[in-house]
Structure formats: structure tokens, C-alpha cells
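Worksheet for the structure shown next.
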Amino acid sequence: MAQKELVPGLAGVPAAESAISYIDGAAGILQYRGYRIEELAVESTFEETAWLLMEGELPTAAQLESFRKELGQHRELPSPLVSMLHDMPKDAHPMAVLQAAVAALGACEPRVPFGDEAAFRGAWLRLLSAVPSIVATHERFRRGQDPISPDPTLSTAGNFLLQLTGDRPSKIAERILDCALVLHADHTMNASTFAARVVYGTQADPYASICGGVGALSGPLHGGANERVLASLQSIGSVEAVDAWAQDQFANKGKIMGFGHRVYSVKDPRSHALQSLAVKLFDELGSTPIYDVALKLEQVVVDRLGDKGIHPNVDFFSGIVYSKLGIPTDQFTPIFAIARTAGWMAHLHEQMQDNKLYRPGQVYVGVAERPYVPIGERG
Ligand SMILES: CC(=O)SCCNC(=O)CCNC(=O)[C@H](O)C(C)(C)COP(=O)(O)OP(=O)(O)OC[C@H]1O[C@@H](n2cnc3c(N)ncnc32)[C@H](O)[C@@H]1OP(=O)(O)O
Ligand SMILES: O=C([O-])CC(=O)C(=O)O
């Protein structure tokens with residue numbers, strides 16, 4: 001096959017037709033199935049959004065009710081997986097644990113033959129319900145605490161907070177986390193979604209494919225940026241220190257976590273929404289000094305790099321919201337994965353409908369053909 005022009009990082013190259021979400025990066029618009037993200041964040045719930053992403057339409061009241069019930073019934077983890085979570089090293093990163101745990105979940109579940117709609121639906125329910133239980137159960141074990149049984153009557157967000165802390169969450173905490181899950185649920189052909197689709201395109205099962213998504217999401221250039229944003233804000237420490245810290249980054253061409261995006265050239269609409277959630281939490285619980293550091297950093301970075309299209313992305317304010325909810329920093333990316341499981345699974349389903357193995361080309365830059373040199377004749 002003739003070599004074509006290389007597009008580094010496949011930037012802007014369409015990899016599939018998709019009807020799930022839509023971005024206008026210059027206008028700062030994100031839609032799921034035609035609905036604006038700002039409207040979904042206010043009006044919808046994570047369960048309703050997960051249904052919308054998979055089914056293409058908002059559920060009726062009866063559909064939503066039975067979907068919520070089904071999700072509630074799939075939260076208990078199989079005992080080999082619970083043992084594995086218990087035995088993980090206490091200092092393991094939760095994303096590494098999550099990736100291993102999703103593979104282990106797949107090993108405990110019935111096989112999901114490619115193209116089997118009923119089996120795929122079972123995996124969809126299982127993953128949406130079990131991923132939050134995995135994250136919470138691992139957190140309990142690493143703190144030396146017993147896991148908390150799930151409550152099938154609670155929402156995904158409410159039950160996650162219950163399983164994490166042992167306490168029924170306040171209405172505001174549950175609602176804020178629910179909104180954050182809606183905001184993170186899908187985002188067109190991002191790196192982790194593409195990774196999951198590539199794995200699924202080989203007709204691997206959904207659990208293996210979601211493992212691929214979790215691995216890709218963990219990196220600092222993608223979902224892993226959210227915990228690094230908080231680390232940066234904490235290391236800056238005060239509003240007065242922002243300018244010098246940022247100038248140092250600019251001088252050394254450092255990547256400032258939580259800024260920049262492959263598709264948006266303006267502030268990410270989810271960043272606006274997460275910032276509003278943070279402010280709502282501060283109204284209830286009091287503000288956080290690092291929020292002022294974040295505001296100042298946004299101003300300094302946008303003053304300097306805004307003309308290049310560098311603005312806050314989804315990862316910039318999410319950590320401030322999660323830390324106000326009492327969630328440990330290294331659990332921020334796993335929470336992203338809880339939400340993105342909805343989008344990944346919708347994309348796998350779309351991939352199933354019209355599967356074509358992903359197998360891109362390359363531009364070969366190695367040596368030309370040459371004869372083998374026996375070991376005794378090598379210099
Ligand atoms: C959920 C998500 O995945 S959202 C993204 C989360 N990731 C981050 O927040 C990490 C920081 N951001 C980045 O690394 C990048 O902006 C990315 C990876 C998200 C997008 O990158 P790309 O579209 O590939 O742009 P690329 O990295 O080539 O940068 C283009 C230019 O902008 C600069 N730039 C991009 N992002 C940043 C940043 N966060 N801080 C400083 N400069 C930046 C680059 O240095 C480069 O400058 P140059 O042209 O002078 O060399
Ligand atoms: O779309 C991207 O490249 C990254 C992103 O913001 C996401 O996956 O939410």
C-alpha cells in the first residue's frame with residue numbers, strides 16, 4: 001500500500017462515524033446525542049445520561065426506574081475480586097488497581113461473545129455498577145477499613161459516596177458528584193475511547209476493552225491530569241506565588257496541567273460547569289484557599305497562552321470539587337473512569353454495529369533491507 005502523509009497523534013483524523021457526542025471546539029460546545037452539556041448537568045442524572053448515551057434517546061420514567069433498579073442489583077463484587085482488592089499493595093495507584101480489577105471482573109463474569117446484544121447489555125450493567133464498587137472497596141481496604149455493602153436504592157453517585165465513607169451522603173454531595181459524572185461521561189474520540197474501541201475492534205470482550213480505556217485514561221496528558229492539577233495548586237500554595245511559578249513554567253516550556261486541549265481552543269464547557277459546582281459547594285461548606293490560587297493561575301496562563309488556544313480543560317476544576325467532597329487526590333482519575341465507563345460502553349456498542357478492525361499504517365523510517373551478520377563476524 002502507498003505511504004500517505006503522516007498525521008502525528010492522528011490529530012483531527014476521523015477514526016469512525018459516531019452519533020454519540022459532538023464538539024464544536026471553537027465555540028466551546030459539547031452535546032450528548034444532541035443535548036447541550038450545560039442542560040444535562042442541570043436537568044439530568046448519571047443514570048439517565050448513561051441510558052441516553054447507549055440508547056440514543058432519553059428514557060421514559062418507567063425505563064429509568066427499571067434501569068436504576070437493575071444497576072442497584074449489579075453492585076456486589078465477586079469474592080475473588082474482593083480478595084484481590086484486599087491484597088493489593090497499599091501504595092498502588094488506584095488507576096493501576098482499577099485496570100487490574102476490571103480484567104479480574106471480566107474473568108469472573110460470563111463470556112460476552114462479540115455481537116451478542118443480550119450478553120453485551122449484561123456487561124454494560126455490570127461495568128456501570130461494579131466500577132464504582134471497585135473504586136470504593138479498594139479505598140476502604142487501603143485505609144485498613146472493611147468494605148461497605150452497596151445500597152441498591154441509592155443513585156450511582158450516592159451509593160459510591162456511601163461505599164467510600166460508610167455514611168449516607170448529604171443531598172448536596174450526592175447531587176454535585178452526580179453532576180460531575182454527567183459532565184465526564186463522554187467526549188467523542190478521545191484517547192481512552194479510541195483505545196477502548198481499538199481493543200473492541202479485535203472482537204475482544206467489553207471487559208478487556210474497558211481495561212484499555214482505563215489504561216489510556218490514567219496518563220497525565222489525559223484523565224490523569226486532574227490529580228496533578230491539585231498537586232500543582234497545592235505546591236504553588238498561595239495567590240502571591242502564582243505569578244513566579246507560572247513564569248518559571250513558561251520559561252522552561254512546562255506543560256501546565258489542566259490547560260490546553262486537542263479540540264477546544266476556548267475554555268472547555270465542562271470546566272465552566274465544574275467551576276459552578278465548586279462555587280455551589282463553597283456556598284454550603286465554605287471556600288477553599290486553593291480555589292483562589294486556581295483563579296489566579298487561570299488568569300496568568302490565559303493572559304500568556306490564551307492566544308494559542310490554551311484555556312482550562314475539564315481536569316482543571318474537577319479536583320477542587322472532589323477534594324471539597326473529601327475524596328483523596330489519587331481517586332480523582334478513577335472517578336473520571338466511573339463516569340467515562342458510560343461513554344466507553346456506548347462507543348463499544350456503536351463499534352459492534354459496524355466493526356472494522358483498526359489497523360493504521362505507518363511511515364517506515366528504519367534501515368533498508370540488509371543481510372544477516374553471523375555473531376562471530378560482528379564488530
Ligand atoms: C480529559 C482530558 O484529557 S483533557 C486534557 C488533560 N491534559 C492536560 O491538562 C495536560 C496538559 N495539556 C497538554 O499537555 C496539552 O494541552 C494536550 C495534550 C491536552 C493537548 O495537546 P496537543 O493538542 O497535542 O498540543 P501540544 O501538546 O502539541 O501543544 C501545542 C502548543 O501549546 C503548548 N501547550 C499545550 N498545552 C499546554 C499547557 N497545558 N501548558 C503550557 N503549554 C501548553 C505546547 O507547549 C505547544 O507549544 P509550542 O507550539 O510552542 O511547542
Ligand atoms: O477529548 C479529549 O481529547 C480529552 C477530553 O477532554 C476527554 O476525554 O474528556
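Go through the residues of segment 360-369 one by one and say whether even a single one is within 16 Å of ligand 1 (Cβ to nearest atom), over 30 Å from residue 17 (Cβ atoms) and surrounded by fewer than 22 Cβ atoms within 10 Å (Cβ to Cβ).
No: zero hits.
Could you run through segment 214-232 and say how many residues are more than 10 Å from ligand 2 (Cβ to nearest atom) and outside any loop (DSSP other than H, G, I, E, B)?
So the answer is 9.
Taking the criterion of being touching a helix residue (DSSP H, G or I) at 6+ places or on another chain (Cβ under 8 Å), open to solvent by less than 10 Å² (accessible area, probe 1.4 Å) and of a type in the set (Phe, Trp, Tyr), would at least one residue in segment 141-151 satisfy it?
No: segment 141-151 contains no residue that is touching a helix residue (DSSP H, G or I) at 6+ places or on another chain (Cβ under 8 Å), open to solvent by less than 10 Å² (accessible area, probe 1.4 Å) and of a type in the set (Phe, Trp, Tyr).
Are any residues in segment 228-256 within 9 Å of ligand 1 (Cβ to nearest atom) and in contact with a Phe, Trp or Tyr (Cβ under 8 Å, 6 or more places away or on another chain), and if so, which ones?
Across segment 228-256, the qualifying residue is only 229.
Quick one: what pairs do we get from segment 206-232, first residue closer than 27 Å to residue 106 by Cα, second within 14 Å of ligand 1 (Cβ to nearest atom) and of a type in the set (D, E, K, R), C-beta under 6 Å, 6+ apart or different chains?
Listed pairs, sorted by first residue: 220/228.
Return the only residue of 278, 339 being open to solvent by less than 10 Å² (accessible area, probe 1.4 Å), assigned by TED's automatic domain parsing to the domain that holds residue 51 and of a type outside the set (S, T, N, Q).
339
Which count do you get for residues in segment 237-246 that are assigned to a helix (DSSP H, G or I) and over 13 Å from residue 298 (Cα atoms)?
3
So if I check each of 188, 193, which one is crowded, with 24+ Cβ neighbours inside 10 Å, within 26 Å of residue 35 (Cβ to Cβ) and among the β-branched types (Val, Ile, Thr)?
193
Looking only at segment 170-196, which residues are charged (D, E, K, R) and away from ligand 1 (no atom under 16 Å from the Cβ)?
Matches in segment 170-196: 171, 174, 175, 178.
The values are calculated or read from the model by the stated rules, or taken from the named source; none is laboratory data. The model shown is predicted, which means the values in this text are computed figures rather than measured ones. Reconstructed Cβ throughout: ideal geometry from the backbone, glycine too, with neighbour counts over all protein chains shown. Just the protein is used for accessible areas: all its heavy atoms, side chains included, with ligands, DNA and RNA removed. Shrake-Rupley method; radii C 1.70, N 1.55, O 1.52, S 1.80 Å.
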